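Each remark here refers to the structure printed beneath this line.
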Amino acid sequence: MFLYFAGKTVQPAKGPEPLILDQRLAQRLRILVQVVGRETGHDPDGSVAAWVWRDADWSPHRYGVYLSFMEAAARQAAATDGWPSGASPDLLEYALFSTTWT
């Protein structure tokens, strides 16, 4: 969380804004990726999603992948009518964090 709040107080740097990757967000991403993997046949049993979006021990590389994914997903969502144009990735992160799925 430190990186997220520190990133909000300093001048914009080159690259993606810091976000908060925690266990809850990893679980939400794992659920999403498992659904897509099953539907596309790329990860029929969800094992790849379970490994990539495990609950802890994320490497700096994995965090970078998360930032890149969230930035691209926020841009893609902003291109639709159902999402605010120009919304930052942290709005998408908040939506993932606060949504209840069954």
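FYI, it's all coordinate maths here, none of it is from the lab. Predicted, not measured: the structure shown is a model, and the values here were computed from it. Methodologically, a virtual Cβ is constructed for each residue, glycine included, from the backbone with ideal geometry; neighbour enumeration extends over all protein chains shown.
Just a few scattered comments:
- Farthest positive-ward along the chain dipole, Cα basis, beta-carbon charges - from ALA72, GLY46, ILE31: ALA72
- Mean ellipticity per residue at 222 nm, deg cm²/dmol - from DSSP H runs of n ≥ 4 across the chain, formula -39500 (n - 2.57): -18500 deg cm²/dmol
- Calculated log₁₀ intensity ratio I(q)/I(0) where the Debye formula runs over C-alpha points of the chain, q = 0.20 Å⁻¹: -1.15
- Computed over the chain with a Gaussian network model linking Cα atoms closer than 10 Å, the most mobile of PRO18, PRO44, PRO89 is PRO44.
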